[in-house]
1. Exactly one condition in (1) farther than 22 Å from T166 by Cβ; (2) assigned to a loop (DSSP other than H, G, I, E, B); (3) within 15 Å of the ligand (Cβ to nearest atom) is false for N8; which is it?
2. How many of the residues making up the stretch 121-154 are touching a residue at least 60 places away in the same chain (Cβ under 8 Å) and among the aromatic types (F, W, Y)?
3. Taking interchain pairs and intrachain pairs at least six residues apart, which have beta carbon atoms under 8 angstrom, with the first residue in the stretch 237-254 and in contact (Cβ under 8 Å) with a residue 24 or more places away in the chain and among the small types (G, A, S) and the second more than 14 Å from the ligand (Cβ to nearest atom) and part of a loop (DSSP other than H, G, I, E, B)?
4. Name, by its number, the condition in (1) free of Cβ contacts under 8 Å to residues at least 12 places away in the same chain; (2) β-branched (V, I, T); (3) buried (at least 18 other Cβ atoms within 10 Å of the Cβ) that does not hold for T6.
5. State all residues of the stretch 254-288 that are farther than 26 Å from V93 by Cβ, of a type in the set (A, V, I, L, M, F, W, C) and either assigned to a helix (DSSP H, G or I) or touching a strand residue (DSSP E or B) at 6+ places or on another chain (Cβ under 9 Å) (or both); if no residue qualifies, say none.
6. Just need a number here: residues in the stretch 217-244 that are within 16 Å of the ligand (Cβ to nearest atom), assigned to a loop (DSSP other than H, G, I, E, B) and in contact with a strand residue (DSSP E or B) (Cβ under 8 Å, 6 or more places away or on another chain).
7. Residues V94, V45: which one is more than 10 Å from the ligand (Cβ to nearest atom) and not in a helix (DSSP H, G or I)?
8. Which of the numbered conditions does V133 fail, given that it passes all the others? Conditions: (1) assigned to a strand (DSSP E or B); (2) within 16 Å of the ligand (Cβ to nearest atom).
Amino acid sequence: MILTVTLNTALDLTYTVPALAPHTAHRVTDVAERPGGKGVNVARVLAALGHEAVVTGFAGGPTGAVLRDLLAPLPVRDALVPSSDATRRTVAVVDTATGDATQFSEPGPVVTPAEWAAFVGTYEELLGGAEAVALCGSLPRGIHVGAYGELVRRARRAGVPALLDTSGEPLRRGIAARPDLVKPNADELAALTGSREPLRAARDARRRGAHAVVASLGPDGLLAVTPDGTWSAAPPAPVAGNPTGAGDSAVAGLLSALVEGVPWPGRLARAAALATATVYAPAAGEFDAARYGELLDLVTVTEEATAA
Ligand SMILES: O=P(O)(O)OC[C@H]1O[C@](O)(CO)[C@@H](O)[C@H]1O
């Protein structure tokens, strides 16, 4: 079983508009409502790849109830812990003229110390049956900024490989706890290290404690800096579509291949193909399965002739 943690789960709304323009009113032509937050998306992709996936984190209030209802028919196990405050919503506005997505994310619930303690108990129990854990997304209010560091340390004590995908101070603190893998995007890596040069920044992230770093660089694919070598993985051509959730699919690709014992080049090919196939799909947590199959053969993985 692969465990995914989404402390700040979300009811993801996707609005489609013909053309997005500030200071104007918009008629929404399509509305989609999905259970979201990064770890929820990761779990859905893991399940589609044939892995048993368990989702934990918090859900509360009317939005939390809808999220759980939407999760129920999906092939992932719901081990969410109740919060008294309501789960947030996110809104992604997709502009059909350009294909661009603009995201608005609410801050999320205020989690109480008792709720955090209940979550930690559930997390410890679930770690007992986990082959790997993904720790994903922003922190809701009330949770200490070192929370991911604590969860990484607990995973290490349980002998479970931990992948961290977050940003800002929670990422900085989480990395210091030495996760097996971090998956920042270009902006998160630059904010962490002060460098917009991905190779230099990824090496810096390793020095800060991450065992391996896989940076997601949008249309440029992935850059992996690991103890075994440095690779880049690129899709055959840039793809137009909604990139929301592409990074989550990359995480699912990396984790599934890790637990299957696939070597780094194969892991990266899978992650890059899944991320690209997600851009072809309408919403985060989904990917175009036919395109994924084609892309697996078309992704180029190149070993960089440079020390990690
Ligand atoms: O926790 P955050 O960093 O705010 O990210 C959450 C959001 O990211 C997405 O997972 C896309 O990666 C959305 O589904 C949305 O819920």
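Values quoted throughout were computed directly from the atomic coordinates according to the rules given, and no laboratory measurement underlies them. Fair warning: this is a prediction, and the values are worked out from it, not measured in the lab. With ideal geometry, Cβ positions are generated from the backbone for all residues, glycine too; neighbour counts draw on all protein chains shown.
1. (1)
2. Going through the stretch 121-154 one residue at a time, the tally reaches 1.
3. A240/G99; G241/G99; G241/Y280; A252/L49; G253/L49
4. T6 satisfies every listed condition except (1).
5. Listed by number, the residues that qualify are L254, L255, A257, L258, V259, W264, L268, A269, A271, A272, A273.
6. 4
7. Of the residues listed, the single one that is more than 10 Å from the ligand (Cβ to nearest atom) and not in a helix (DSSP H, G or I) is V94.
8. The one condition V133 does not meet is (2).
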